[in-house]
1. Would you point out the residue of the range 4-53, among those that are touching a helix residue (DSSP H, G or I) at 6+ places or on another chain (Cβ under 9 Å) and of a type outside the set (A, V, I, L, M), that is nearest to GLY87 (Cα to Cα)?
2. Residue by residue through the range 61-87, note down the ones that are within 14 Å of the chain's Cα centre (by Cα) and assigned to a loop (DSSP other than H, G, I, E, B).
3. Between a residue in the range 27-56 that is part of a helix (DSSP H, G or I) and any residue that is open to solvent by less than 90 Å² (accessible area, probe 1.4 Å) and among the hydrophobic types (A, V, I, L, M, F, W, C), which pairs come within a Cβ distance under 6 Å, given they are 6 or more apart or on different chains?
4. Search the range 75-110 for residues being at pLDDT 90 or above and exposed (fewer than 12 other Cβ atoms within 10 Å of the Cβ), and hand back the single one that is farthest from PHE53 (Cα to Cα).
5. Has the range 111-125 got any residue that is open to solvent by less than 70 Å² (accessible area, probe 1.4 Å), modelled with pLDDT of 65 or more and over 24 Å from LEU56 (Cβ atoms)?
6. Mind listing whichever residues of the range 14-47 are open to solvent by 100 Å² or more (accessible area, probe 1.4 Å) and modelled with pLDDT of 90 or more?
7. What number of residues in the range 48-60 are of a type in the set (Val, Ile, Thr) and surrounded by 11 or more Cβ atoms within 10 Å (Cβ to Cβ)?
Amino acid sequence: MKLRQYLLTGAGLLAISEPALASALSGKALETAANAISWVVLIFVPIAGVYLFWMLHIWPEKVAQRKQHPQKEAIHALCLLSLFFGGLLWPLAWLWAHTKPVFYRAAYGTDKAPENDEAPGHNTAEPASRPEHAVSNGPRNVATLRALATANGALDGISGGMSGAKEQI
């Protein structure tokens, strides 16, 4: 009996219901609205997708700049390469941007990039006062080292010893 009651209630509700309309528009207005929505989707969605893809791929570069990562140029290059390889290299750039450069710190005494974006030790001006036992700020060219050694008189003894050994041979 309960089944019959449910069937009658359902049939009554169907009888009093009106047809559902998918849109408040009809006819030509519905076509025009669908046409406008399709053009918006065809033009703006790909532009937004490319923009989001680009922002996602330069995110590691922004992190490296914010953290003053000394290898931020290399991270930038890896981000650009990742764009051409379909994002396969992006996780590597992201991890690299978030890691501390251990060997850089061991070599230069800091894990931050210099403020003027030059490689350490390649600046032309020497610091005004630097103690003798201070750690070097990086590699120097041979001419600079010879000039410093000549100024200190360190090469005189070495060159004299080498000329004496040359004569003995």
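The values are calculated or read from the model by the stated rules, or taken from the named source; none is laboratory data. If you're wondering where the values come from, they're calculated on a predicted model, not measured in any experiment. Using ideal geometry, Cβ is built from the backbone for each residue, glycine included, and neighbour counts are taken over all protein chains shown. With ligands, DNA and RNA removed, areas are computed over all heavy atoms of the protein, side chains included. Shrake-Rupley method; radii C 1.70, N 1.55, O 1.52, S 1.80 Å.
1. By that ranking, first place goes to PHE53.
2. Once the filter is applied, which keeps residues that are within 14 Å of the chain's Cα centre (by Cα) and assigned to a loop (DSSP other than H, G, I, E, B), the range 61-87 yields LYS67, GLN68, HIS69, PRO70, GLN71, GLY87.
3. Partner pairs satisfying both residue conditions: ALA33/LEU25.
4. For the range 75-110, the residue satisfying everything is LEU95.
5. Checking the range 111-125: at least one residue is open to solvent by less than 70 Å² (accessible area, probe 1.4 Å), modelled with pLDDT of 65 or more and over 24 Å from LEU56 (Cβ atoms).
6. ILE37, TRP39, LEU42, PHE44, ILE47
7. 1
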